[in-house]
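Here the structure comes first, spelled out in structure tokens, and everything after it is commentary.
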Amino acid sequence: QVQLVESGGGLVQAGGSLRLSCAVSGRTLSLYAMGWFRQAPGKERDLVAAIDWSGGLTYYADSVKGRFTISRDNAKKTVYLQMNNLKPEDTAVYYCAAPERPGIVAFHTPGIYAYWGQGTQVTVSS
């Protein structure tokens, strides 16, 4: 059974930074793309960042380009989202996500993600 557990959320002042972590179990992480989504109350769950199975290709939503960095450590079976220069608009629950299939080419496509963590709250004060 694939399990994803997020951590690292919290309350931060605008302009500050947080690093989210996603611990992955139940699969060989190096074979799979991974993504980070976020969802604010009453809003859709949107893909924020994604990384392919090799770690060589990344995707970022326009709203976070230049501020967020997704990375992975396959040895530690962990995926990270470094969030810098946070803005109040970044306030949301952040979810780690994994696709069902390995070797996904279109890793930046939200529809490929099938497994989800429980989410971690990020609140950015103005």
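The values are calculated or read from the model by the stated rules, or taken from the named source; none is laboratory data. Just so you know, these numbers come straight off a predicted model, no measurement behind them. As a convention, Cβ positions derive from the backbone with ideal geometry for all residues, glycine included, and neighbour counts pool all protein chains shown. Areas reflect the complete protein model, heavy atoms only, side chains present, ligands, DNA and RNA absent. Shrake-Rupley method; radii C 1.70, N 1.55, O 1.52, S 1.80 Å.
Screening V79 on (1) without any contact (Cβ under 8 Å) to a residue 12 or more places away in the chain; (2) buried (at least 20 other Cβ atoms within 10 Å of the Cβ) shows it passes everything except condition (1). Among the residues of the range 83-98, are any of a type outside the set (D, E), open to solvent by 20 Å² or more (accessible area, probe 1.4 Å) and free of Cβ contacts under 8 Å to residues at least 12 places away in the same chain? Within the range 83-98 (the criterion being of a type outside the set (D, E), open to solvent by 20 Å² or more (accessible area, probe 1.4 Å) and free of Cβ contacts under 8 Å to residues at least 12 places away in the same chain), the answer is no, since none of the residues qualifies.
Counting the residues of the range 70-126 that are in a strand (DSSP E or B), closer than 21 Å to A14 by Cβ and aliphatic (A, V, I, L, M) gives 6. Checked against the criteria, S125 counts as touching a strand residue (DSSP E or B) at 6+ places or on another chain (Cβ under 7 Å), of a type in the set (S, T, N, Q), surrounded by fewer than 14 Cβ atoms within 10 Å (Cβ to Cβ) and more than 14 Å from R19 (Cα to Cα). Would you mind telling me which numbered condition in (1) out of contact with any Leu (no Cβ under 7 Å at 6 or more places or on another chain); (2) modelled with pLDDT under 95 W53 fails? Of the numbered conditions (1) out of contact with any Leu (no Cβ under 7 Å at 6 or more places or on another chain); (2) modelled with pLDDT under 95, the odd one out for W53 is (1). The residue of the range 18-55 that is nearest to H108 (Cα to Cα), among those that are open to solvent by 60 Å² or more (accessible area, probe 1.4 Å) and in a loop (DSSP other than H, G, I, E, B), is W53. Applying the selection to the range 92-126, what residues are of a type outside the set (K, R) and within 19 Å of G56 (Cβ to Cβ)? Passing the criteria: A98, P99, P102, G103, I104, V105, A106, F107, H108, T109, I112.
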